[in-house]
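The values are calculated or read from the model by the stated rules, or taken from the named source; none is laboratory data. These figures come from a predicted structure and were not determined experimentally. Neighbour counts are summed over all protein chains in view; Cβ atoms, including those assigned to glycine, are modelled from backbone coordinates with ideal geometry.
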Amino acid sequence: METLADLLRNEILWRNTDLVANLVSRQPGLFGELFRIFSGNTEPLSRRAAWALDIVSEKNPELIQPYLDEIVDLLPSFRHDGLKRHSLRMLSRSPLPSESHLGNLVNLCFDLLLSPGESVSAKVYSMEILYRISQIEPDLKKELADSIEWRMNEETPGFKNRGQKIMKKLYSEIAANQKAL
């Protein structure tokens, strides 16, 4: 029988990624093995595993929850955009990691958001994550709004679209908070 790693090595990427994702969805006990391949940070296997993890965790979000802190710890070591993109996407739709990892996640997301060399998807998912964190840490709202605004003129239409939506919410929340004072 082929292992998950064997399936991910196959050249027909899309079909095999879906095959692995469907297999792991049907057999959740394999999720840990898939996560180990992902966390190995070896190209292209880890990137393909990240893609499958993303698909599986979207359908079965409870499977990724025990691994959220580990994803935060792994993110700084990822150089390939695909690993960052899938990791941030999973984090953007999952419950926030433990409080002990929030500071690292905030710093990492601000670094990605403000870096001219990062992909739009990494920046957009970072924005989303930072916005969610700002809901429990309101002191971040102004810094996040300023950071998005600072990048607006240099970014793509996709960034601008998402950035404007998040800034609108942030400015509304900041204004409401100031009225309450």
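If you scan the stretch 1-56, which residues turn out to be part of a helix (DSSP H, G or I), among the charged types (D, E, K, R) and closer than 24 Å to LEU75 by Cα?
ARG9, ASP18, GLU33, ARG36, ARG47, ARG48, ASP54, listed by residue number.
Of all residues being under 16 Å from GLU2 (Cα atoms) and in contact with a Leu (Cβ under 8 Å, 6 or more places away or on another chain) in the stretch 25-47, which is modelled with the lowest pLDDT? Just the residue, please.
Restricting to residues being under 16 Å from GLU2 (Cα atoms) and in contact with a Leu (Cβ under 8 Å, 6 or more places away or on another chain), the top hit is LEU45.
So if I check each of SER126, SER57, SER121, SER115, which one is in the same structural domain as GLY158 (by TED's automatic domain parsing), out of contact with any Ser or Thr (no Cβ under 6 Å at 6 or more places or on another chain) and surrounded by 21 or more Cβ atoms within 10 Å (Cβ to Cβ)?
Matching residue, one of SER126, SER57, SER121, SER115: SER126.
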